[in-house]
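Step one of this worksheet: look at the structure below.
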Amino acid sequence: MVQKDRLITFLDTPGHAAFTAMRARGAQGADIVILVVAATDGVMPQTREAIAHAKAARVPIIVALNKIDRPDANPDFTKHQLAEAGLVPDEWDGNTLVVPVSAKQKLGLDDLLEAVLLVSDSMDIHANPNGKTIGTIIEASLDKAKGVIATLLVQNGTLKMGDTILAGDTYGKLRAMFDFHGKPIRSAGPSTPVQIMGLGDVPSAGEVFQVVPSEKEARAMIDARNTAKQQDSVAAPKATLEQLFEKFQAGEIRELALILKADVQGSLDPIVTSLKDLSKGDIKINILQAETGNISENDIMLAAASKAIVLGFNVQADNAARNLAESEGVSVRLYDIIYRMTEDIEKALKGMLEPEFKETKVGQATVRAVFKINKVGNIAGCRVTTGELRRNAKIRLIRNGTTIFEGEISSLKHEKDDVEEVRQGFDCGVSLKGYNEIVEGDVLECYTVEKTAK
């Protein structure tokens with residue numbers, strides 16, 4: 001839309017937590033983030049995630065304080081919550097513009113647009129309409145009649161009819177272009193959204209596109225990318241503390257980005273204070289998010305988008321989060337002693353961290369009965385539900401979602417035979433070395449630990 005003869009392009013990303021990944025792309029593709037916060041609800045968990053994404057992308061934030069017309073609106077309380085989340089309102093001598101609005105009554109919208117122009121005037125936003133044409137894929141779909149239709153945001157250069165563009169593993173020559181009103185156009189400059197036709201396949205949303213000289217060159221670039229991917233296809237390299245320090249020494253980074261999860265707020269506060277105290281040397285510590293609760297997929301997505309390390313204190317990472325961390329190359333480090341966490345970070349900042357250990361889940365079993373045997377102790381009668389139990393692997397006993405014991409298996413039997421492993425679907429008897437208080441319903445998680453090469 002146009003405000004005072006200046007074009008403002010809005011990229012809408014939904015606020016629900018399920019769309020964390022999409023919102024992360026929105027923060028990366030924007031010059032300014034407008035964070036819509038309801039004065040009736042205050043700062044919600046997804047609001048904190050959006051703040052973390054915007055901060056990680058180093059994008060300035062304007063808060064649109066919505067629903068101020070409602071009788072149950074509490075703008076002062078919401079501003080206090082925003083301040084606690086690091087967004088101190090400008091009226092409280094902070095740096096965040098908070099604009100009261102009502103979408104339903106259409107109140108304050110002009111003030112919001114004025115705030116956008118004000119913030120943009122204070123920033124160094126530049127694009128060259130005559131430079132290399134690049135931008136971001138906002139969304140794409142396959143229409144049975146028209147073929148692949150993609151919505152793009154041009155961020156530099158000028159996109160023209162007939163250009164050949166490359167986006168991820170797909171390319172094509174533009175045969176139709178439309179503006180945001182659906183009218184045909186011949187070209188689109190920086191900060192212009194445009195709908196195009198001509199790509200050979202559907203690109204992923206959030207993919208960066210560029211104009212290339214020809215389709216032949218596009219194919220060559222895709223082949224080169226695929227070759228590079230195959231060489232690195234074993235596993236995505238994790239952004240370990242050691243690797244991040246090496247990048248600092250090479251001049252590639254100047255800060256250590258962390259996402260912190262703890263069991264309770266009482267643990268979180270001293271950890272944050274301790275970590276901030278370490279941020280006094282050449283490397284600065286940037287805590288993108290500090291929350292209570294187990295490590296989730298949303299935490300991993302934020303870490304992947306921000307090149308951050310995930311630290312957990314007295315919490316666990318669920319299976320979905322672990323799998324995503326593995327595929328995205330995100331390093332997750334779990335601790336149960338605060339000083340060991342801060343010690344690791346301090347050593348990393350000094351380049352002295354010991355090699356980390358990689359945990360791989362092997363299998364899981366459920367305790368269906370407990371048998372007391374004289375001179376032996378309690379034997380857990382188990383059914384292996386996933387993977388397998390291995391005699392020489394590590395074992396973790398989980399009760400009601402909490403880890404009760406970690407150690408080794410002292411004996412593993414199938415029927416009456418001592419065995420080295422029991423696979424999914426089979427029953428077995430398990431006794432644990434140094435722990436005898438097994439109860440029915442406990443979960444045994446079998447895993448291996450390997451030292452990762454530095």
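Brief remarks follow.
- Filtering Ala73, Ala83 for residues that are in a helix (DSSP H, G or I) and among the aliphatic types (A, V, I, L, M) leaves a single hit, Ala83.
- Within the stretch 110-134, residues that are more than 21 Å from Val211 (Cβ to Cβ) sit with their Cβ atoms under 8 Å from residues that are small (Gly, Ala, Ser) and buried (at least 17 other Cβ atoms within 10 Å of the Cβ), at 6+ positions apart or across chains, in these pairs: Leu112/Ala64.
- Which numbered condition Lys146 fails, given (1) at negative phi; (2) surrounded by 13 or more Cβ atoms within 10 Å (Cβ to Cβ): (2)
- Test: residue in the stretch 49-58 that is at pLDDT 85 or above and surrounded by 16 or more Cβ atoms within 10 Å (Cβ to Cβ): yes
- Filtering Gly425, Gly387, Gly381, Gly407 for residues that are farther than 28 Å from Ile295 by Cβ, in a strand (DSSP E or B) and without any contact (Cβ under 8 Å) to a residue 60 or more places away in the chain leaves a single hit, Gly381.
- Residue selection: Lys79 fails the criterion of being over 29 Å from Ile259 (Cα atoms) and outside the structural domain of Gly200 (by TED's automatic domain parsing).
- Residue in the stretch 169-181 that is small (Gly, Ala, Ser) and crowded, with 21+ Cβ neighbours inside 10 Å present: yes
This table checks each residue for (1) under 20 Å from Thr13 (Cβ atoms); (2) buried (at least 21 other Cβ atoms within 10 Å of the Cβ); (3) out of contact with any helix residue (DSSP H, G or I) (no Cβ under 7 Å at 6 or more places or on another chain); (4) assigned by TED's automatic domain parsing to the domain that holds Ala290.
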| residue | (1), (2), (3), (4) |
| --- | --- |
| Leu65 | yes, yes, no, no |
| Asp69 | no, no, yes, no |
| Glu84 | no, no, yes, no |
| Leu87 | yes, yes, no, no |
| Ala103 | yes, no, yes, no |
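- Scan the stretch 428-454 for residues that are closer than 16 Å to Phe371 by Cβ and either assigned to a strand (DSSP E or B) or charged (D, E, K, R) (or both) and the total you get is 10.
- Test: Gly434 is surrounded by 15 or more Cβ atoms within 10 Å (Cβ to Cβ) and farther than 20 Å from Lys361 by Cβ: no
- Arg333, sole failed condition from (1) outside the structural domain of Pro270 (by TED's automatic domain parsing); (2) crowded, with 17+ Cβ neighbours inside 10 Å: (1)
For (1) on the phi > 0 side of the Ramachandran plot; (2) modelled with pLDDT of 95 or more; (3) in contact with a Gly (Cβ under 9 Å, 6 or more places away or on another chain); (4) β-branched (Val, Ile, Thr), each residue gets a yes or a no:
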residue: Ile379; (1), (2), (3), (4): no, no, yes, yes
residue: Gly401; (1), (2), (3), (4): yes, no, no, no
residue: Glu408; (1), (2), (3), (4): no, no, yes, no
residue: Ser411; (1), (2), (3), (4): no, no, yes, no
residue: Asp418; (1), (2), (3), (4): no, no, no, no
residue: Leu432; (1), (2), (3), (4): no, no, yes, no
residue: Asn436; (1), (2), (3), (4): no, no, yes, no
residue: Thr452; (1), (2), (3), (4): no, no, no, yes
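- Test result for Leu97, of a type in the set (A, V, I, L, M, F, W, C) and under 29 Å from Pro190 (Cβ atoms): yes
- Filter result (surrounded by 19 or more Cβ atoms within 10 Å (Cβ to Cβ) and aliphatic (A, V, I, L, M)) within the stretch 35-48: Leu35, Val37, Ala38, Ala39, Val43
The values are calculated or read from the model by the stated rules, or taken from the named source; none is laboratory data. All figures in this text were calculated on a predicted structure; none of them were measured in a lab. No Cβ is skipped: glycine too gets one built from the backbone with ideal geometry, and neighbour counts run over all protein chains shown.
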